[in-house]
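The values are calculated or read from the model by the stated rules, or taken from the named source; none is laboratory data. Only a predicted model underlies this, so the values are computations on that prediction, with no experimental measurement involved. Glycine also receives a Cβ, built like all others from the backbone with ideal geometry; neighbour counts cover every protein chain displayed. To get the accessible areas, we keep the full protein, side chains included, count just its heavy atoms, and leave off ligands, DNA and RNA. Shrake-Rupley method; radii C 1.70, N 1.55, O 1.52, S 1.80 Å.
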2 protein chains.
Amino acid sequence: MPLDVSLNLATVRRQWTLPQAVAAAARHGFAGVAPWRDMVRETGIAESARVFRGNGVRVTGYCRGGLFAAQGRDGFQAAVDDNRRMIEEAAAIDAECIVMIGGGLAPGSRDLPGARSMFVEGVAAILPHARACKTPLALEPMHPMYAADRGCVTTLKEALDIADELGNEGLGIAIDTYHVWWDPQLEAEIARAGRRIIAHHICDWLVPTRHLLTDRGMMGDGVIDFPAIRAMVEAAGYDGIQEVEIFSDFWWSRPGDEVLATAIERFTTVCRRCRD
Amino acid sequence: MPLDVSLNLATVRRQWTLPQAVAAAARHGFAGVAPWRDMVRETGIAESARVFRGNGVRVTGYCRGGLFAAQGRDGFQAAVDDNRRMIEEAAAIDAECIVMIGGGLAPGSRDLPGARSMFVEGVAAILPHARACKTPLALEPMHPMYAADRGCVTTLKEALDIADELGNEGLGIAIDTYHVWWDPQLEAEIARAGRRIIAHHICDWLVPTRHLLTDRGMMGDGVIDFPAIRAMVEAAGYDGIQEVEIFSDFWWSRPGDEVLATAIERFTTVCRRCRD
């Protein structure tokens, strides 16, 4: 019986191809996986869809859309078109949502408010297509340390304000513990998110953190209070699957089976649902 | 004629002792300096005071108090006592404020809300002494990437809420561009801060940032829009001195005179006051 936990495939991207990683996830008891676009394209979209179905796993998210400002105004339309294609790919692999990140500043730009505006504009531009394809867009606020180069949308409040502005239909929120754990408004904003929460990612914050991108922690190895955040998420009305997503030079250096066995063990001992 | 800019001495702490750094700052045209406690103690408090006066520089801040939760409940009273001594030291060197940071979690703790509560409790405990000594406490929100190990108070909103809770008298706010530049509520919260702003630190965010603590940037080398933030700060009612504070392995490896000449040049070309 699979556990209510999904594996973001980036967690083992250096160890395995997509088919290998999906088979391993199913073997270890993950009920779902979340693929990245480069892995899906390497395997092929139709073949990836067969792999997910053949292993009986859900596709809890497709990573990652957004990033509308990163190539500047001249690159905006290309980014919109690319996001539209991604919606079709997501539909083809039966992904439950697309994870949307703000993206960074254009090269040479210091206009963070402008990048945020372009994100809103980009989401608005693709939203009709996402609605038509019934693929929800999960807005994921990213840790403020990524504001310049990955995620100009940095707080849950900001993501929710954008969802409100765009009418909410076809939009949801992805809550990744790594990105939001520090937020003094976390409890209030998770409550406000309510049923809009459609993804809950788990990853720990290590002390010290040695690299801004690739030193994320296995649940239990850092300082995040997972049961507390899960309680907020469940109180808001989301009791769905949790997705393990860890970018880590350390875990990428370990055998894939060790990573997955550890993730399952930590999920059951550290991230236990508050209702259990 | 000195410029309306101060040098946080940590910027050249590997190059110079306190007397050397202060003399260099005066020579390069800085109107003020901000010493750290370890440097003051090394030189001696009375001697440090003589050095500041002898070089005709203001002491724009004394770094750094707070950190009430870092040693847990058992260490709380010692932290309070230590902060009280720091107030007396600040008065002895005629510092215009003490920079107060949240501090991190106690070893083994995952209780971030608890650490924040202890910070409020600690500030409340020393506030009567600070008021009596006429040494304002400048609450400095720190970048969220320091929430676990240095600064549990992460946003301007949170710092202002604390100041409100404690009655504001004897309290102020330190705005460091490096810590707050990403905040989507920045403009609104700077406006709310108003006359409570008593320190404005400048430092740039580099892309990429290679180390969480020691890869901060010289103004102009990163992505922060200094004129925009300065305009917000001046609109709120603070048109006072700006303090250069850069922790950087790169700048620590350069000759001190080169660092100061560069800082002065960048201050005049990049951080120009909006009213100029």
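Of the trypsin sites (Lys or Arg not before Pro) found in segment B:191-276, the ones in coil according to DSSP and having at most 16 other Cβ atoms within 10 Å of their Cβ are B:R210, B:R272, B:R273, B:R275. Candidate cross-link partners of B:K134 among the aspartates and glutamates, defined by an alpha-carbon separation under 15 Å and a same-chain spacing of 8 or more, comprise B:E88, B:E89, B:D94, B:E96, B:E169. To the nearest whole percent, what portion of all C-alpha pairs in segment B:98-156 is separated by more than 13 angstrom? Percentage above 13 Å: 60. Within the accessible area of chain A, the carbon and sulfur atoms contribute 51%, probe 1.4 Å, all protein chains present. For segment B:11-125, the percent of C-alpha pairs falling in each 5 Å distance bin, counted from 0 to the bin holding the largest distance, reads 2, 12, 21, 19, 14, 12, 10, 7, 3, 0. The interface between chain A and chain B buries about 2400 Å² of solvent-accessible area in total (1.4 Å probe, ligands and nucleic acids excluded). Among the protein heavy atoms, those of A:S48 account for about 0 Å² of accessible surface (1.4 Å probe, every chain in place).
Phi-derived couplings, Karplus 6.51 cos²θ - 1.76 cosθ + 1.60 at θ = phi - 60°, listed residue by residue for segment B:261-268: 5, 5, 4, 5, 5, 5, 4, 6 Hz, with x used for Gly and Pro.
About the centre of its Cα atoms, the protein assembly as shown shows a dipole size close to 300 debye [charges on the beta carbon of Lys, Arg (+1) and Asp, Glu (-1) only; nearest 20 debye].
Taking every protein chain into account, the 1.4 Å probe leaves A:M118 with about 20 Å² of accessible area, to the nearest ten. P(r) tail for segment B:24-83: Cα pairs beyond 19 Å make up 43% of the total. Neighbouring Cβ atoms from other chains, within 10 Å of the Cβ of residues in B:223-234, number 2 on average.
Taking all protein chains together and a 1.4 Å probe, the residues B:M86, B:M1 rank B:M1, B:M86 from largest to smallest accessible area. In this view, the solvent-accessible surface of A:I162, computed with a 1.4 Å probe and all protein chains in place, comes to about 10 Å².
For A:C133, inter-copy separations between label points set 7 Å beyond Cα along the Cβ vector come to 6.2 nm, shortest first. Burial annotation for segment A:77-113: residues with an accessible-area loss of at least 50 Å² between the isolated chain and the complete set of protein chains, computed on heavy atoms with a 1.4 Å probe, are A:R110. When you filter the GluC sites (Glu not before Pro) in segment B:156-202 for DSSP loop state and at most 14 other Cβ atoms inside 10 Å of their Cβ, you are left with B:E169. The other copies place their B:Q77 label points at 7.2 nm from this one, listed shortest first, where each point is 7 Å from Cα along Cα→Cβ. Residues in segment A:93-102 carry Karplus couplings, in order, of 9, 6, 6, 6, 6, 10, 7, 10, 10, x Hz; the curve used is 6.51 cos²θ - 1.76 cosθ + 1.60 with θ = phi - 60°, and Gly or Pro positions show x.
For a straight C-alpha distance cut-off of 24 angstrom, the lysines reachable from B:K157 (same-chain residues fewer than eight places away being disregarded) are A:K157. The smallest convex shape that holds all Cα atoms of the protein assembly as shown, its convex hull, gives 145 Å³ per residue.
One Cα centroid belongs to segment B:9-23, the other to segment A:156-177; the line between them spans 47 Å. When only Cα pairs under 8 Å and 6 or more residues apart are kept, what is the percent relative contact order across segment A:135-276? Computed value for segment A:135-276: 21 percent relative contact order. Average accessible surface for the protein assembly as shown: 36 Å² per residue, computed with a 1.4 Å probe over protein heavy atoms with every protein chain in place. Using a 7 Å projection from Cα along Cα-to-Cβ, the label point at A:Q20 is separated from the same position in the remaining copies by 5.4 nm, smallest value first. Please report the orientation-averaged projected area of segment B:113-211, defined via the convex hull of its C-alpha atoms, in nm². That works out to 6.8 nm², a quarter of the Cα hull's surface.
Gyration tensor analysis over the Cα atoms of chain B returns equivalent ellipsoid semi-axes of 26, 22, 19 Å (largest first, whole Å). Computed from backbone phi, the HN-Hα couplings of segment B:65-70 come to x, x, 6, 6, 9, 4 Hz, rounded to whole numbers (Karplus: 6.51 cos²θ - 1.76 cosθ + 1.60, θ = phi - 60°; Gly and Pro given as x). Dividing the summed helix terms, -39500 (n - 2.57) for each DSSP H run of n ≥ 4, by the number of residues in chain B produces a 222 nm estimate of -12500 deg cm²/dmol to the nearest 500. Treating each Cα of segment A:218-276 as an identical point scatterer and summing with the Debye formula, the log10 of I(q)/I(0) at q = 0.19, 0.23 Å⁻¹ comes to -0.73, -0.97.
What percentages make up the Cα-Cα pair-distance distribution of segment B:63-168 when the bins are 5 Å wide from 0? Here the calculated profile for segment B:63-168 is 2, 15, 26, 25, 20, 10, 3, 0. Under the criterion of Cα pairs below 8 Å and six or more residues apart, the relative contact order for chain A equals 19 percent. Close amide H partners of A:G103, meaning residues 5 or more places away or on another chain with modelled amide H under 5 Å apart, are A:L67, A:G151, A:C152, A:V153.
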